[in-house]
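> I have a structure I would like to understand better, so I am pasting it below and will then ask my questions one at a time.
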Amino acid sequence: MARRIFILALIGLLTALPRAEAQTQQKGEAQAPPPPRVQDVAAPYDANLQRLSEILGALHYLRDICGFNEGQKWRNQMQALVDAEAPAGERRVRMVASFNRGYRVFQQSYRTCTPAAEVVIGRYLDEGSKIVREVTARYAN
């Protein structure tokens, strides 16, 4: 059941990555989610999930400073991914840390939107979509 939810969440992320929806919620980084529901067993796609988490954190920061007015969209996508995967212990900690690292790296480098930030956004949208497609194709069964 958890794998099916994970796959649906990844597909949802794939369709959500290139789309811009207006939301008006408060800024912020991902907080530690509620207690874990499953064992802390490493999945073969954990490295992909960590990279995707980092990309979501970067997009959460960069798209905001570039005026996309999406509010908490990318943080919510991250929360949906964590909820769908339901990682425990260290897996959860690594996913949240990756999101926060992606956010902070660009927060330290960019105060306003620049052409370079817009290039990064495009590349991260492409990379995130690619990760979602690859993980879904390889682990969907």
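> Over the Cα atoms, compute the radius of gyration (one decimal) and Dmax (the largest Cα-Cα distance, rounded to a whole number) for the range 39-94, in Å.
12.6, 40
> Length gain on complete extension for the stretch Asp83 to Arg138, per 0.36 nm per residue less the alpha carbon to alpha carbon distance?
17.7 nm
Each reported figure results from applying straightforward, stated rules to the coordinates on display, with no laboratory input. The model shown is predicted, which means the values in this text are computed figures rather than measured ones.
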